[in-house]
Every structure is written in structure tokens, then in C-alpha cells.
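The values are calculated or read from the model by the stated rules, or taken from the named source; none is laboratory data. Given the structure is predicted, the values throughout are model-derived calculations rather than measurements. Glycine also receives a Cβ, built like all others from the backbone with ideal geometry; neighbour counts cover every protein chain displayed. What goes into the accessible areas is simple: the full protein's heavy atoms, side chains included, and nothing from ligands, DNA or RNA. Shrake-Rupley method; radii C 1.70, N 1.55, O 1.52, S 1.80 Å.
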Amino acid sequence: MASACSIRVRGVVQGVGFRPFVYRLARANTLAGWVLNGAEGVEIYLEGTEPGLQAFVHDLKMQPPPAANIADIEVHPAAPVGLNEFTIRESQRRDRPTVRISSDLPVCDACLKELFDPADPRYGYPYINCTNCGPRYTVVVSLPYDRPNTTMKHWLLCEYCEVEYQNPANRRFHAQPVACPACGPAYYLRCNDEIVHGSEASIRKAVQLLNAGSIVAVKGLGGYHLACDARNSVSVAALRDRKYRKEKPFALMPKDLEVARSLVELSPEAEGLLMSSARPIVLAPMRANFSGVAPENNELGVMLPYTPLHHLLFAAGGPEVLVMTSANRSSEPIAYEDEEAVDRLSGIADAFLIGERPIARRVDDSVARVGAFGTAILRRARGYAPGAVAAIPSERPILAVGADLKNAITLVVDGQAFVSQHIGDLGHYESLRAFQETIQDLISMYEVRPEELVVVHDSHPQYVSTAHALGLGIPRSLAVQHHRAHIASVLAERAAWDTRVVGVSFDGTGYGDDGGIWGGEIFVGSVRTGFKRIAHLRSASLPGGDAAAEYPVQAAAGFLAQLDGLPDLTAAPFSFPRRYENARELVHKNVRTFATTSVGRLFDAVAALLGFTREITFEGQAAMWVEQLARGARLAEPYPFPLIGEELDFRPLLQSVIRDRLRGRDLAEIARAFQRGVAEGLRDALVEICRSQNLSIVVLSGGVFQNELLLEDLKSLLEKEALQIWTNHAVPPNDGGISLGQAAIAAFCQLDQQLQELTYA
Ligand SMILES: [Zn+2]
Ligand SMILES: [Zn+2]
Ligand SMILES: [Zn+2]
């Protein structure tokens, strides 16, 4: 006798070959019924024998398509209606699309095989893809994910592609970006006034140029890269020069995993991350040194080829290791529109390898590393965005706009928190535009009406993101303090709403409750009840306020003002420049001077004392420099960093640094003793706080926790104390994770119906 059931599958299940997979599975088990893409996921109805149905459900759970990410499967018994075949039905639309947009996927092995098979119609075709691979978020314009809603809508399928697209047994069944050389877009190359047409010829020409030392702008999935031969130091220096990027490391793309292994030390976990479907840039200890790629750094950022085009460039004899850096001038967002790219990058690139398929939105490469506490994502973009990172219990949609640096936004719809790709520093006009576009993009994609929204922003009154949030005309808004948002971001990843924790936010900068520049805060509390600040770094003066972040000696002037018996720091071995004297004047006269508890600035002050007395050229550079320096020394006796009352006192730390510097101690040893001092001081403080508060879980978040050596020290120290450490894994510990924390806190605020104001219990 026939049985029947209906099944609903939620998660990342559209645009990943789910329906053809279901079709094949149903046929294999001799089941009748149908499958369709509903607004809430994939819906399946099945009829057949009981063992057939069971086998189907088993395989659905155990062997889903590689790119799918199933959140849950609901199976309900049904009454058989007597169907005798299995069909794929048209997409259905209901109120709001809650299906998730898949992130972009690297080219799969089956497509790679075809790419290099001379007998295949898609031989050498840079846009080959299938339901298991290829672009998604960077081609989808609106939902549901069907071809007319993608940037491929202008290319009509040829007969060959059409047959594959319509055949449920084919891996290109309903592969929306499917194309071939006969019917699809191509690449061409532009070099001065010359245009080389045709994918094959243009790739060949690009390879010639790269081998000759030229810089080529290459259109990828989410934007343009600037590529050059990483082993050609003249090209690398030219790229740095033209891009106004003095010292920030460039990412490398080696030909394959084997070449990657020769560049960096890779643990099995790091190799897994490198080859994961997100294909991020993975930071790992340097093995090979390329002049100019990562100055004064022991780490390199490496990513594997992920588009068919990348593979074609290497196969055509391109350099074995390419510099592949986002095509922009220093810290502007990545260029993604063809004319804009040619416009913005002329003067940087010698040639442009341009693909005809438009990019729906800019999505940069992601950056990640395998650290002491597992995977840490430092820039979350291609391959991850716009995936849901957390389930936040909120009936009302929430828009959280993040912070002004390393901006990313979060939209909570039907309890799912979608975090956008990395947008960047909102001080740049281009980034601000990208920020506004991304808000509109996500809101319209998920069909949220502004009047239903709650908007959340940082409590900094002068943030551009705050002004924008308040200017959206959304009646309900909430300000969330920066460092509480950092802590909440970790708890949101774990859906730990009621867990009481000790939250440590060591950070560069953030607006404090008292209007000061915070960044060395320890809180106690939970997302549901709020976080109380119970300890912090001893307050110092910061001449010039946030602008001091550019000049380590300026931060030093503020912190050192509290030390007695200072030597003349303008003399050797410190040799501080004039800027230090000027900053000291400001502190003494209390002019343009702000109170700060920022641990990031404490690291800057130490960098200055150890010789980093120039201007920084990218955010966090001086602190990274201290970490790299410290890695050059063995474990050293820590400098004291005691908790006195509610204050972590930095004075003994700095006194020790100055004393040892005057004695001529090795710089690396001083840096190591400082880093260890911060770790042991924090350990002692946490042990005391956890004991007095009866807590055992410590949350670490904030930009300073990108310092891997600090994390390694804390891990070994806190393990001995039987304290659990929670860190970020799905969003960055830096300000790229702020919007998730803001959204989580907003979900637990009470809405005052009359005032339309939010209050936090
Ligand atoms: Zn494929
Ligand atoms: Zn075709
Ligand atoms: Zn921050």
C-alpha cells in the first residue's frame, strides 16, 4: 500500500542544485510527487513505499548537495493522492522571501574537468559553472533566484545550454548563470587604446603582460583585482606606489595548494580553511619572502584560485604566484563596475581584463586565519556574505548599521540575522555610497517595509553611520554602546541570550557612556539583562582624540604624562619627533585632549617607545608591529599590569618598557614581556572577577583580539584556571562584527508603544 509525506527543507537550499538532487533521489527510490522552491525553502511531496520514503529522508539528511546548508527538515505524513510520476514544479511566491541567498562558490571539480577538456563545448570558457559552483550573491538582483532576476538575464540560452538547463538529471538543471561560448558573455582585454576580443586571446595577452611585469586589472566575482607577478619586485613596488599603499600587505594567489605550501606554513586546519567553499585569504606564517609584498610582517595572506578565469590564467602560463589585491586606491571599496574601474584604475593598471557579465554588487575577498581559538574571520565578505550567521528571536525586522570603520550591516528578518559583506571605512565617499546601497539592497531583497523596522546604531553621536540611521526616517531607533555590541556579537553567534558572562572588550576606539574614548572595558551581564561595566583600563589623556590613532607618539604623550621621572624622550634611544612635544603641550594645557581607556592606544604608546615613531599607514599597524616584534623573542618574564580597584594600571607596564629600553635590552624581548604582561594582568583580573561574580565564561571581542599572540597567551593561562573562553567565529572580532551585536541587543529591548521608544531593561 502506498504511503505519502510532505517535507519542508529550510536553510541555504536554493541555487545550490537542490531540486535536481531531490528529483534524482526520488527517482532512485521509485517515488512519485513533486518539488518546488517555496518562499520559505524547498517543499517536497512524495508518494511510494514506506522503505522508499525512509531511504529518501535518510539520504536527504546524510548526503545533501555540497553547496547546500540545511537549517532544518520537517517531515509530515500525508494522504496519498495517487500520483504516478515525479515533477519539478514552478517557483511559488508568498509574502516575504525568507529563503537564504547562497554566497558565491568556487568552481567545482566537475566544471574544472570540462574547462580543460578540449572536446567539451565549454573548453577554456571563463564563465563555466553549474548548480554546485559559480556566482550567486554577486549575480542575484532580486528574489526568487531565477535567471530573469540575475545579471545573466540579457543572455539567452543556446540550444545546448537549454537542454542541460531543462534536464532534471543534469547538474546544470536550473543553474541560473549557465552559459557557454556560443551564447554567453566573454572576456576581452583593454590595453591603452587596443582591444583584444575573445576570452582565449585576451587571457593569453593578459598572461604575456603579467609575465612581462605589467599590472593587470582583472574582473572577478565581486569586483576587480589588481594582479602582478609576486616574484617581480619591480612590479610589486610599482603597484604599491601607484595604489598609494605604502606598507599594508598584499594578498597572494598561488597556482595551487602545493605552491601555497611553499609560501606559508599551513596546519591541516589552515589548509581546510584555504580550500573551504568560501576560499578566503588565509593568514599564515610566512615561509617564502617576497620583497615588498608584506613589509615588516611574519605573515602572508594567501588564497587559492576560485574562478574558472583564475585557473585559466595559471594554465596559460601566468606567473606561479600572483599578487591579487582589491582594485582600489588605498582603503576605498573594491571597484566593480567596468567604466568605474577603468576610470578609477587608469594610472594604476597597465591593462584591463574585463568580463562582460555584470556584477550585481561589490563583494571583496574574505580574510581569515586559524587561531588559538579556531577559525577567526577578520574580513567577512565573498563566500560568507550574505549568509545568516545567527538566529535572533525578534518578530520585528531589525536593521543594525554597525560602526564607521570596517563597516558591515545586519538585517534581521523573521528571526534570521543576515550580515552584509564588509563595506569599509565610511570616511570615504565611495564606502559611504556602498553602505547606503547595501542597506537598500538588503531591505528590498527581503522586502522589508521601513515602517516595520527598528534601526540600531552606535552611540557615537558623530558617527556617519549614526547620522545615516537617524536620517532614514524610521521612527524607532536605538543607540547601542560600541563595546557592549562587541561582547553581544559573540553571544549572538551562540544564541546565548541568558548566559551571564564576563565580557572583555579590548579595542582601538569606541564612544563610552561618559563620552570618553573607550577600548579597555570589562563588563558583567547577559544580552537579555544588559552589561554593566565593572572594570577598565586606567584612564589616560589622548591629545587630538581619535586622530591620535594615526601617530603612536601622540598616544604615547598622553599615556606617559602620568609617569614620574620620565627621561628625555626626544633623545636616544627613543628619538621621538617634534609631534610628541606638541602633543605633550596639549596634554599639559588640557587642550583638544580627551580621556581614553583604549588598549589599542596603549599598544601604540609601546610601539612608539620601541621605535615606531612615524605615522601609521593603515589601521592597527603599530599594534601589529609590536606583535610581530614580540614573536621574535622567547617567552619573557611579564611586566606588571595590576588590577587596582576597577582599574587595570598601565603605569608599571610602561615604566618597565622605558627602564629596559634605557638599559639596552633587546627590543623583541621587551615587546614579548609587554605582551605577556597584558595577558597575565588580564588573567589575574578575570580570575578575581569570575570568583567574586561566581562566573566561569569569559567573552573576548574587540579589535585588539586580532592579536594572535595575545590570544595564544590567554588561552594557555586561562585553561589552567578552568575558565571557558568564547570568541567570535562567524563575524570578525573587529568592528566588522559590531552590527550583529547591535541587532542582538535591540532584539531584547522593550518597545514603549506610546513613546515608540526603545528601552533596555
Ligand atoms: Zn560546477
Ligand atoms: Zn550556450
Ligand atoms: Zn570596536
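The table for this structure:
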item: Whichever residue in the stretch 82-134 is among the charged types (D, E, K, R) and either modelled with pLDDT of 95 or more or within 13 Å of ligand 1 (Cβ to nearest atom) (or both) and, among such residues, is surrounded by the most Cβ atoms within 10 Å (Cβ to Cβ); result: Asp104
item: Hey, Pro638 in contact with an Asp or Glu (Cβ under 6 Å, 6 or more places away or on another chain), touching a residue at least 24 places away in the same chain (Cβ under 8 Å), surrounded by fewer than 19 Cβ atoms within 10 Å (Cβ to Cβ) and not polar (S, T, N, Q) or not; result: no
item: Selection count where residues are closer than 20 Å to Asp513 by Cα, in a loop (DSSP other than H, G, I, E, B) and touching an Asp or Glu at 6+ places or on another chain (Cβ under 9 Å), scope the stretch 592-620; result: 2
item: The lone exception for Asp404 - which of (1) of a type in the set (Asp, Glu); (2) in contact with a Pro (Cβ under 6 Å, 6 or more places away or on another chain); (3) surrounded by 23 or more Cβ atoms within 10 Å (Cβ to Cβ) it fails; result: (2)
item: Qualifying residue in the stretch 52-73 (condition: over 30 Å from Leu442 (Cα atoms) and touching a Ser or Thr at 6+ places or on another chain (Cβ under 7 Å)); result: yes
item: Search result, residues across the stretch 688-708 that are within 16 Å of ligand 3 (Cβ to nearest atom) and surrounded by fewer than 24 Cβ atoms within 10 Å (Cβ to Cβ); result: Gln706
item: Conditions (1) in contact with an Asp or Glu (Cβ under 7 Å, 6 or more places away or on another chain); (2) open to solvent by 40 Å² or more (accessible area, probe 1.4 Å); (3) in contact (Cβ under 8 Å) with a residue 40 or more places away in the chain; number of the one not met by Glu647; result: (1)
item: Residues located in the stretch 320-351, provided they are in a helix (DSSP H, G or I) and surrounded by 20 or more Cβ atoms within 10 Å (Cβ to Cβ); result: Ala341, Leu345
item: The listed residue being open to solvent by 70 Å² or more (accessible area, probe 1.4 Å) and within 22 Å of Phe506 (Cβ to Cβ), out of Glu619, Glu585; result: Glu619
item: Considering residues of the stretch 149-170 that are buried (at least 16 other Cβ atoms within 10 Å of the Cβ) and away from ligand 2 (no atom under 15 Å from the Cβ) only, the residue farthest from the chain's Cα centre (by Cα); result: Pro168
item: Index of the failed condition, Met445 passing every other in (1) surrounded by fewer than 18 Cβ atoms within 10 Å (Cβ to Cβ); (2) modelled with pLDDT under 90; (3) within 27 Å of Ser366 (Cα to Cα); result: (1)
item: Hits in the stretch 662-687 - residues which are among the basic types (Lys, Arg) and either under 32 Å from the mean Cα position of the chain (by Cα) or crowded, with 19+ Cβ neighbours inside 10 Å (or both); result: Arg672, Arg676, Arg683
item: Output for the stretch 157-181, where each listed residue is within 17 Å of Pro20 (Cα to Cα) and assigned to a helix (DSSP H, G or I); result: Cys161, Glu162, Val163, Glu164, Tyr165, Gln166
item: Condition met for Ala623 (of a type in the set (A, V, I, L, M, F, W, C), in a helix (DSSP H, G or I) and more than 24 Å from Leu700 (Cβ to Cβ)); result: no
item: Condition check for Leu31: open to solvent by less than 30 Å² (accessible area, probe 1.4 Å) and either modelled with pLDDT of 90 or more or over 17 Å from Gln176 (Cα atoms) (or both); result: yes
item: Residue match in the stretch 564-571 (condition: touching a Lys or Arg at 6+ places or on another chain (Cβ under 7 Å), at pLDDT 95 or above and away from ligand 1 (no atom under 16 Å from the Cβ)); result: no
item: Residue within the stretch 147-156 that is outside any strand (DSSP E or B), more than 16 Å from ligand 1 (Cβ to nearest atom), more than 13 Å from Arg357 (Cβ to Cβ) and at pLDDT 95 or above present; result: yes
item: Hits in the stretch 457-477 - residues which are within 15 Å of ligand 3 (Cβ to nearest atom) and hydroxyl-bearing (Ser, Thr, Tyr); result: Ser459, Tyr463, Ser465, Thr466
item: Enumeration of residues in the stretch 273-285 that are more than 15 Å from the chain's Cα centre (by Cα) and open to solvent by less than 40 Å² (accessible area, probe 1.4 Å); result: Ala284
item: Pair list, Cβ < 9 Å and 6+ apart or interchain, from the stretch 332-348 residues that are at positive phi to residues that are open to solvent by 30 Å² or more (accessible area, probe 1.4 Å) and part of a helix (DSSP H, G or I); result: Gly347/Arg242
item: Candidate set from the stretch 372-386 (those that are surrounded by fewer than 21 Cβ atoms within 10 Å (Cβ to Cβ) and small (Gly, Ala, Ser)); member that is nearest to Arg494 (Cα to Cα); result: Gly374
item: Pairs, first without any contact (Cβ under 8 Å) to a residue 12 or more places away in the chain in the stretch 535-561, second of a type outside the set (Val, Ile, Thr), C-beta under 6 Å, six or more apart; result: none
item: Ala548 being within 20 Å of Gln750 (Cα to Cα), of a type in the set (A, V, I, L, M, F, W, C), crowded, with 24+ Cβ neighbours inside 10 Å and touching a helix residue (DSSP H, G or I) at 6+ places or on another chain (Cβ under 6 Å); result: no
item: Filter result (of a type outside the set (Gly, Ala, Ser) and in a loop (DSSP other than H, G, I, E, B)) within the stretch 499-518; result: Thr499, Arg500, Asp507, Thr509, Asp513, Asp514, Trp518
item: Options Gly223, Gly184; residue that is modelled with pLDDT under 95, among the small types (Gly, Ala, Ser) and crowded, with 19+ Cβ neighbours inside 10 Å; result: Gly223
item: Of all residues in the stretch 478-521 being over 24 Å from the mean Cα position of the chain (by Cα) and among the hydrophobic types (A, V, I, L, M, F, W, C), the one that is nearest to ligand 3 (Cβ to nearest atom); result: Ile517
item: Hits in the stretch 709-732 (condition: assigned to a loop (DSSP other than H, G, I, E, B), open to solvent by 10 Å² or more (accessible area, probe 1.4 Å) and either basic (Lys, Arg) or in contact (Cβ under 8 Å) with a residue 40 or more places away in the chain (or both)); result: Lys720, Thr727, His729, Ala730
item: Subset of the stretch 257-270 [free of Cβ contacts under 8 Å to residues at least 40 places away in the same chain and surrounded by fewer than 17 Cβ atoms within 10 Å (Cβ to Cβ)]; result: Glu258, Arg261, Ser262, Glu265, Pro268
